Amino acid sequence: MDQPMDYVELARAESPRGELVLRERRQEGATPVVELRANGVFVMDNAEFTSEEALAAAALDLVAEPREVLVGGLGLGFTAHRVLADLRVERCTVVEIEEALVGWMRDGTVPHGPSVLADARARVVVADVAAALAEAGEATYDLVLLDVDNGPGYLVHDANAALYRTPFLTDVRRVLRPGGAVVVWSMDEADDLQRALAEVFTEVDAVPHPVRLQDRDEDYWLLVGTVDA
Ligand SMILES: C[S@@+](CC[C@H](N)C(=O)[O-])C[C@H]1O[C@@H](n2cnc3c(N)ncnc32)[C@H](O)[C@@H]1O
């Protein structure tokens, strides 16, 4: 029989979007898992992060010289960590809307957080990624990686719906350099998002990423848009 699960709260904060909780899932005989939740909805944990790393790896494979990379959504830092593992990257700008989460990553409340953010090439900006991109100059980035929500069909925050639509994607296109690319993490194939990407980018691709979630197999999706060189 499965052992019962215990939950221990590590930190809690309120923001204009509601409640953010960092907690540990503990089960006898298993390694404790750190989990981030927003308004009671699961956001991220450190048990299954292969798709967050794959998001970075897929993007880094698309360009020869990924010097300037923007990551939308710090989460528990796995995407940023994979970006920073690539020595071609000169700067990784991570845009995160929840200031408290950045604090928990910096002060070790998330145990692996300080080692991710200690990299001198990492820069964390506390902002809505839409605002950060609107302020960025034309052709600033070689890559933009977006993992701010669960995809257009499974939003944690309704306000993020705009991040999967043409006007925002046009802004992403504006800040990308020739030959650059955007990769968006999504819980499903998100046909509408693929169509929106196709309105803005030269080529669009949808790549499934298989994951094992506790007792079932699923595919998450990496949606790619590329800019002509
Ligand atoms: C699924 S997590 C990202 C997981 C991350 N890729 C990782 O490797 O752990 C989504 C993150 O995006 C942040 N976020 C949500 N909406 C945002 C927005 N509009 N702008 C910037 N960050 C946002 C959330 O607070 C959360 O930290």
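FYI, it's all coordinate maths here, none of it is from the lab. Keep in mind the model is a prediction, meaning the values are calculated, not measured. Quick reminder, even Gly has a Cβ in these numbers, built from the backbone with ideal geometry, and neighbours come from all protein chains shown.
Counting only residues that are in a helix (DSSP H, G or I) and either surrounded by 18 or more Cβ atoms within 10 Å (Cβ to Cβ) or aromatic (Phe, Trp, Tyr) (or both), which one in the stretch 101-121 is farthest from the ligand (Cβ to nearest atom)? Explain how you work it out, then say what you get.
Step one: filter the stretch 101-121 for residues in a helix (DSSP H, G or I), giving 101-107, 113-117.
If we keep only those that are either surrounded by 18 or more Cβ atoms within 10 Å (Cβ to Cβ) or aromatic (Phe, Trp, Tyr) (or both) as well, we get 101-102, 104-105, 113, 116-117.
Details: LEU101: 5, VAL102: 9, TRP104: 10, MET105: 9, GLY113: 10, VAL116: 9, LEU117: 12 Å.
Residue satisfying both the conditions and the ranking: LEU117.
Of all residues in the stretch 1-32 being away from the ligand (no atom under 13 Å from the Cβ) and surrounded by 13 or more Cβ atoms within 10 Å (Cβ to Cβ), which is farthest from GLU96 (Cα to Cα)?
Within the stretch 1-32, the subset away from the ligand (no atom under 13 Å from the Cβ) is 1-12, 14, 23-32.
If we keep only those that are surrounded by 13 or more Cβ atoms within 10 Å (Cβ to Cβ) too, we end up with 10-11, 23-27, 32.
Working: LEU10: 20, ALA11: 17, ARG23: 19, GLU24: 22, ARG25: 24, ARG26: 27, GLN27: 30, PRO32: 25 Å.
The qualifying residue farthest from GLU96 (Cα to Cα) is GLN27.
Of the residues GLY137, GLY180, GLY153, only one is out of contact with any helix residue (DSSP H, G or I) (no Cβ under 8 Å at 6 or more places or on another chain) and away from the ligand (no atom under 16 Å from the Cβ); which?
Just a single option satisfies the conditions, and that option is GLY180.
Applying the selection to the stretch 121-176, what residues are out of contact with any Lys or Arg (no Cβ under 9 Å at 6 or more places or on another chain) and charged (D, E, K, R)?
ASP128, GLU135, ASP147, ASP149, ASP158, ARG165, ASP171, ARG173, ARG174
Quick check on the stretch 91-100: of everything there that is over 11 Å from the mean Cα position of the chain (by Cα) and not small (Gly, Ala, Ser), which residue is surrounded by the most Cβ atoms within 10 Å (Cβ to Cβ)?
CYS92
Give the residue that is surrounded by the most Cβ atoms within 10 Å (Cβ to Cβ), with candidates limited to residues of the stretch 185-198 that are without any contact (Cβ under 8 Å) to a residue 40 or more places away in the chain and of a type in the set (A, V, I, L, M, F, W, C). Write out each step before concluding.
Kept after step one, since they are without any contact (Cβ under 8 Å) to a residue 40 or more places away in the chain, are these residues of the stretch 185-198: 186-191, 194-198.
After this cut, where a residue has to be of a type in the set (A, V, I, L, M, F, W, C) as well, the list is 187, 190, 196-198.
Working: MET187: 17, ALA190: 20, ALA196: 23, LEU197: 25, ALA198: 14.
Among residues in the stretch 185-198 that are without any contact (Cβ under 8 Å) to a residue 40 or more places away in the chain and of a type in the set (A, V, I, L, M, F, W, C), the one surrounded by the most Cβ atoms within 10 Å (Cβ to Cβ) is LEU197.
Scanning the stretch 47-77 for residues that are part of a loop (DSSP other than H, G, I, E, B) and in contact with a helix residue (DSSP H, G or I) (Cβ under 8 Å, 6 or more places away or on another chain), which turns out surrounded by the most Cβ atoms within 10 Å (Cβ to Cβ)?
As a first pass, look at the stretch 47-77 and keep what is part of a loop (DSSP other than H, G, I, E, B): 47-49, 61-67, 73-77.
Within this subset, residues satisfying the condition of being in contact with a helix residue (DSSP H, G or I) (Cβ under 8 Å, 6 or more places away or on another chain) are 49, 66, 73-77.
Numbers: PHE49: 19, PRO66: 22, GLY73: 24, LEU74: 29, GLY75: 24, LEU76: 24, GLY77: 27.
Top of the filtered list is LEU74.
Quick check on my filter: what residues within the stretch 47-78 are within 7 Å of the ligand (Cβ to nearest atom) and under 18 Å from PRO210 (Cβ atoms)?
Once the filter is applied, which keeps residues that are within 7 Å of the ligand (Cβ to nearest atom) and under 18 Å from PRO210 (Cβ atoms), the stretch 47-78 yields PHE49, GLU52, LEU55, PHE78.
Output the residue which, of all residues in the stretch 33-46 that are part of a loop (DSSP other than H, G, I, E, B) and within 12 Å of the ligand (Cβ to nearest atom), is farthest from the chain's Cα centre (by Cα).
Here is the first cut: in the stretch 33-46, the ones part of a loop (DSSP other than H, G, I, E, B) are 39-40, 46.
Checking which are within 12 Å of the ligand (Cβ to nearest atom) leaves us with 39, 46.
Numbers: ASN39: 18, ASN46: 13 Å.
Among them, the one singled out is ASN39.
So, in the stretch 199-222, how many residues would count as being surrounded by 15 or more Cβ atoms within 10 Å (Cβ to Cβ) and not aromatic (Phe, Trp, Tyr)? Lay out the reasoning, then the answer.
Residues of the stretch 199-222 surrounded by 15 or more Cβ atoms within 10 Å (Cβ to Cβ): 200-201, 204-206, 209, 211, 220-222.
When the remaining residues are screened for being not aromatic (Phe, Trp, Tyr), the result is 200, 204-206, 209, 211, 222.
Total satisfying the criteria: 7.
Can you tell me which condition ARG88 does not meet? The list is (1) of a type outside the set (Gly, Ala, Ser); (2) within 12 Å of the ligand (Cβ to nearest atom); (3) free of Cβ contacts under 8 Å to residues at least 60 places away in the same chain; (4) surrounded by fewer than 24 Cβ atoms within 10 Å (Cβ to Cβ), and all the others hold.
Every listed condition holds for ARG88 apart from (2).
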